[in-house]
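Q: Okay, handing you the structure first.
Here, each number is a calculation from the coordinates, and none is a lab measurement. Here the structure is a predicted model, which means the values were calculated and not measured. In this analysis, Cβ positions are derived from the backbone assuming ideal geometry, glycine residues included, and neighbour counts consider all displayed protein chains.
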Amino acid sequence: MDKTPSCKSKKPSVGKRKNKEAADNVMQHTQLYFDIKLSQWPIVYSPQYNIGFLGMERLHPFDAGKWGRAFSFLKGDHHDSKKARMVTDVTTVCPLEATEQDLLTVHTQRYLNSLTWSVTVAQITEVPPVAFLPNFLVQRNVLRPMRLQTGGTILAGKLALERRWAINIGGGFHHCSADKGGGFCIYADISLCIRFLFQKMADRVKKAMIIDLDAHQGNGHETDFKNDPNVYILDVFNCRIYPHDETAKVAIKRRVELECFEDDRTYLHKVETHVEGALNEFSPDVIVYNAGTDILDGDPSFTS
């Protein structure tokens, strides 16, 4: 029976023991891992990824609708030769929304509870007017799309093991950690993806590598895996821009700090050299590659 979903479609915990029990419970009941059709590619996307809240999203340089444009380019049509025509709605996998129980695999209950306050979401998204919106609108227009993207990243981890590769056209919220969001990142989807693999695919995944090529430092997953020897982080980022998180940098095994406006040849040489070096130092069972668009010349979030 095909269970692939259609695109149309408490008190704060205290102590490590309760958090571990919650995570173990999630592993037994999550619906985020499901089988896909053989005719589908391991490319995950939903049109509901895109965020819009009365135009307020334009007040932040982060492009909250880029995922739809990326998918539109990949999908293409017969009338535009500039589009790739690589995927179709039929071959694409639609994820399920991460539930609170799923999120508790990494996040604290205290943090998730804080998201019921619009002012908290306004601070994380760096869009002050969001603080004045009723929280049900914030949940529907901002948080739900991000929970869908988070579910997509977690599913992509499973599909990568089955198909040897997978892409989520969304997610990559690398500024969010277990107990803190920031930089338009509300859920720690990278940390969640790896924790799900460690716990649900423990027989196959014991070590993971994160290759983060977003222009900004990935301080969220770095905070989450600071003391985990089974996670190797290679982070290539512009040291002159947000977030300047010196504490989180301790977790980076290979830190490549760039200056503004480095040319393509220099940048690609550094990436190639350090990826090769990282793989010589560490043998991961899975690699999570965070591909930020902001390394491109002209991206508006580059200067933030």
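Q: Got the relative contact order for the range 194-304 handy, in percent, Cα pairs under 8 Å and 6 or more residues apart? Working shown, then result.
A: Details: 166 pairs, mean separation 38.2, N = 111.
It rounds to 34 percent for the range 194-304.
Q: Still on this model: What does the highest-first list of 257-270, 217-230, 277-290 look like by mean Cβ count within 10 Å?
A: Details: 257-270: 11.4, 217-230: 21.5, 277-290: 15.7.
The peptides rank, most packed first, as 217-230, 277-290, 257-270.
Q: Now for a different question. Could you go through the range 137-151 in sequence order and give the Karplus-derived ³J(HN,Hα) for each residue, using 6.51 cos²θ - 1.76 cosθ + 1.60 with θ = phi - 60°, rounded to whole Hz, and x for Gly and Pro?
A: Going residue by residue, I get 6, 5, 4, 6, 9, 10, 6, 4, x, 6, 5, 5, 4, 5, x Hz, with x marking Gly and Pro.
Q: Let me ask something else. Provide the per-residue ³J(HN,Hα) series for the range 276-288, in order, calculated from phi with Karplus coefficients 6.51, -1.76, 1.60 and θ = phi - 60°, each as a whole number of Hz, with x at glycine and proline positions.
A: With the stated coefficients, the range 276-288 comes to 4, x, 4, 6, 6, 8, 9, 10, x, 8, 8, 10, 9 Hz.
Q: Can you give the translational diffusion coefficient of the range 175-219 in µm²/s, computed by Stokes-Einstein from the Kirkwood radius over Cα pairs at 37 °C and 0.692 mPa s?
A: Working: Rh = 11.7 Å.
Value of D from the Cα-based Kirkwood radius: 281 µm²/s.
Q: Rounded to the nearest 0.05, what FRET efficiency do ASP89 and LEU137 have when you use their Cβ-Cβ distance and R0 = 35 Å?
A: Working: r = 28 Å, r/R0 = 0.81.
FRET efficiency, ASP89 to LEU137: 0.80.
Q: List the residues, sorted by chain then number, that are 5 or more residues from LYS207 or on another chain and whose placed amide H is less than 5 Å from its amide H.
A: Those qualifying (amide H under 5 Å, at least 5 residues apart or on another chain) are ASP285, VAL286.
Q: Continuing with the same structure: Rounded to whole Å and sorted largest first, list the principal axis extents of the Cα atoms in the range 84-205.
A: 44, 37, 20
Q: In this model, which of LYS158/LYS206; LYS75/LYS200; LYS206/LYS253; LYS75/LYS206 are farther than 25 Å apart at the alpha-carbon?
A: As for pairs spanning more than 25 Å Cα to Cα, those are LYS75/LYS200; LYS75/LYS206.
Q: Describe numerically, in nm with one decimal, the distance between label points set 7 Å from Cα along Cα→Cβ at GLU276 and at HIS244.
A: 3.5 nm
Q: 7 Å from Cα along Cα→Cβ at both ARG69 and ALA291: what's the point-to-point distance in nm?
A: Result for the modelled spin labels: 1.7 nm.
Q: Full extension from MET201 to ASP179: what is 0.36 nm times the residue separation minus their Cα-Cα distance, to one decimal in nm? Don't skip to the answer; put the middle values down first.
A: Details: separation 22, 0.36 × 22 = 7.92 nm, distance 2.46 nm.
Fully extending the segment from MET201 to ASP179 adds 5.5 nm.
Q: Given 0.36 nm per residue, what is the gain on full extension from LEU268 to GLN31 after removing their alpha carbon distance, in nm? Walk me through the numbers on the way to the answer.
A: On the way: separation 237, 0.36 × 237 = 85.32 nm, distance 3.88 nm.
Taking LEU268 through GLN31 to full extension adds about 81.4 nm, to one decimal.
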